[in-house]
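Below is one structure, written out as structure tokens, with a few remarks after it.
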Amino acid sequence: MKKAVICGGSIGGLFAAAALRKSGWQVDVYERTEIELSGRGAGIVTHDVLINALKALDITTDNLGVFVKDRTAYDKNGNELMRLPFPQVVTSWDRIHSLLRASHPDQHHHLGRAAIGYRQGHNKAVAILDDKTEIEADLVIGADGFGSNIRAQMLPEIKSLSSGYVVWRALANEADLSREVQNDVFKTFGFFVPTGSQIIGYPIAGFGNDLREGHRRYNFVWYIGVEQDELKDMLTDEKGNYHSVSIPPPLVRDDVMSRFTDTAHKTLPANFAEILEKSEMPFFAPIYDHHSPIMGKGNVGLVGDAACVARPHVGMGVTKAACDALSLADSLKKFSIISDALAAYSEERVAASARAHYRARDLGATIFVDPEGGNEDGSRNPNLHEIVSTTATIVN
Ligand SMILES: Cc1cc2nc3c(=O)[nH]c(=O)nc-3n(C[C@H](O)[C@H](O)[C@H](O)COP(=O)(O)OP(=O)(O)OC[C@H]3O[C@@H](n4cnc5c(N)ncnc54)[C@H](O)[C@@H]3O)c2cc1C
């Protein structure tokens, strides 16, 4: 039985584990976090490709999420600017992660074990953990996210780049919203796109994947442009410590939160303002991305965000990780030499990842388009149709 070691036990790592296990590999996952991951992230948009990937791995897609039938763009007064029929199932990070985690045997899931690097051997690779443990396998996979240690060793020249904007996210309980909001914006995939911002939102399941009417939540996402100095200030906590990549939500300073609330009062239409006001603590993260020119070398592969981050505008992170996993398992079936399989996998997935990566950058760039005459109320965005019709759609 061939043996794989996967560094990173989030969605990318667990998809790769499921795909390799299905091909008869023995797979051990080493996750840095000491407790089971849960409650991270918020909404995830699904695509047929993702649903087919789950089915191919014998993972149920029953009750996957909330069905939305259309997309609606609003102006600052809450008037509808555009409504497009757009059937899609929207789910949550928790739902996908818990389905994948349930498919992976506990005895092969190791929490609190961080990989610091690897060593290529003769037709084998060794994963090196932070307690100096060395684990030899036929294949070592870096599924350790955008700050990947495995990628840093394989491709030290690849650095994540800041986009010039942050994303604020929040979740509101359906039951807390007014009847008006429940009957209108809650039911749709909503947009509000004034210059310098982009707001999207959609309903997702409530706690414990509760899909019953009245028990769901609304996933609110707001991209806002920030200058470098302002970002540095936002990432600095009360004690003056600067958190270079992202700041844990409880450490965000009160004045940063009140500036955000003021901006929300000035910027948002009443429907999104109500959703935000009734949300639990909103949190923000700077948006970075990167793209690797190869996704495998020797006996070491990269999957998911470790290999490439497509900014969230395309809603492809989870689907991309699923496609990486299936492509990797497929190549390993076709080639008996692992480095050949990784070369074929790399060729296929680097190109596909690049398409998602660049489409996401293009969509991100529309945030800053400032038409003559202004667009403070979101009604004169020249890219409105492109934003509404291509956000969170599959990039082939
Ligand atoms: C605002 C926002 C909205 C999004 N919306 C969508 C969407 O609609 N649809 C979609 O498909 N995707 C979306 N995504 C992206 C999606 O969440 C990720 O792309 C996807 O989960 C990829 O997961 P991953 O496992 O590759 O990386 P990650 O989720 O980053 O996981 C990496 C894992 O590795 C662990 N780790 C890190 N370092 C080490 C180490 N040294 N050793 C061992 N373990 C380590 C981490 O603890 C973590 O568990 C969104 C992201 C954001 C920020």
The simple spin-label model distance between Glu376 and Ser336, using points 7 Å out along Cα→Cβ, in nm, is 7.1
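Could you sort Ser38, Ser258, Ser148 by their accessible area in this structure, using a 1.4 Å probe and putting the largest first? List each step's numbers first, then the result.
Numbers: Ser38 85, Ser258 60, Ser148 0 Å².
Output order, biggest surface exposure first: Ser38, Ser258, Ser148.
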Expressed in nanometres to one decimal, the distance between label points 7 Å along Cα→Cβ at Thr33 and Glu134 is 3.1
Signed unit charges on C-beta, dipole axis of the range 79-138, positive-most listed residue Leu111, Pro85, His122: Pro85
For Tyr118, other-chain or 5+-apart residues with amide H closer than 5 Å (H placed, Pro excluded) are Ile128
Taking Cα centroids, how far is the range 244-269 from the range 150-204 in Å? 14
If each residue of separation counts as 0.36 nm, what is the full-extension length gain between Arg83 and Asp362 once their alpha-carbon separation is subtracted? 98.2 nm
Out of His291, His104, His385, a Gaussian network model of the chain with alpha-carbon springs under 10 Å gives the largest mean-square fluctuation to His385
Exposure ranking of Tyr30, Tyr345, Tyr358 by accessible area [1.4 Å probe, largest first]: Tyr358, Tyr30, Tyr345
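Please give the calculated 222 nm ellipticity per residue for the chain, where each DSSP H segment of at least 4 residues contributes -39500 (n - 2.57) and the sum is spread over every residue; nearest 500 deg cm²/dmol?
Values: 11 runs with 125 residues, N = 396.
Calculated mean residue ellipticity at 222 nm is -9500 deg cm²/dmol.
Relative contact order for the range 238-396: what is it in percent, counting Cα pairs under 8 Å that are at least 6 residues apart? Intermediate values should be presented prior to the final figure.
Numbers: 153 pairs, mean separation 36.6, N = 159.
Contact order relative to length: 23 percent.
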Within the chain, which complete DSSP H helices have Cα atoms spanning at least 30 Å along the helix axis and a mean Kyte-Doolittle hydropathy of -1.0 or higher? 338-365
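Starting from the range 195-239, pick out the GluC sites (Glu not before Pro) whose DSSP state is loop and whose Cβ has at most 15 other Cβ atoms within 10 Å.
On the way: sites: Glu213, Glu227, Glu230, Glu238; in loops: Glu213, Glu227, Glu238.
Here the sparse-neighbourhood loop sites are Glu213, Glu227, Glu238.
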Work out which trypsin sites (Lys or Arg not before Pro) in the chain are exposed loop sites (DSSP not H, G, I, E or B, at most 13 other Cβ within 10 Å) and give the longest gap free of them. 240-396
The chain: antiparallel bridges as % of DSSP beta bridges, rounded to 5, reads 75
Within the range 257-308, report the GluC sites (Glu not before Pro) that DSSP leaves as loop and that have at most 16 other Cβ atoms within 10 Å. Glu280
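Does the range 255-396 classify as rounded, prolate or oblate by the C-alpha gyration tensor (a ≥ b ≥ c root eigenvalues; a/c under 1.5 gives rounded; else a/b over b/c gives prolate, otherwise oblate)? Show your work: numbers first, answer last.
Values: a/c = 3.21, a/b = 2.26, b/c = 1.42.
Because a/c hits 1.5 or more and a/b exceeds b/c, the range 255-396 counts as prolate.
Restricting attention to the range 63-160, which GluC sites (Glu not before Pro) occupy a DSSP loop and are surrounded by at most 13 other Cβ atoms within 10 Å?
For GluC sites (Glu not before Pro) across the range 63-160 that sit outside H, G, I, E and B with at most 13 neighbouring Cβ atoms in 10 Å, the list reads Glu157.
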Could you compute how much accessible surface His108 exposes when probed at 1.4 Å, giving the result in Å² to the nearest 10? 50
Take every Cα pair under 8 Å in the chain that's 6+ residues apart, average their separations, divide by the length, and report that relative contact order as a whole percent. 21
List the pairs from Lys76/Lys278; Lys187/Lys320; Lys297/Lys333; Lys2/Lys334 whose alpha-carbon separation is above 23 Å, in the order I gave them. Lys187/Lys320
Computed FRET value (nearest 0.05) for Asp70 with Asp210, which takes r as the C-beta separation and R₀ as 22 Å: 0.45
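The values are calculated or read from the model by the stated rules, or taken from the named source; none is laboratory data. Computed from a predicted structure; not experimentally measured. As a convention, Cβ positions derive from the backbone with ideal geometry for all residues, glycine included, and neighbour counts pool all protein chains shown. The area values use the complete protein model at the heavy-atom level, side chains included, leaving out ligands, DNA and RNA. Shrake-Rupley method; radii C 1.70, N 1.55, O 1.52, S 1.80 Å.
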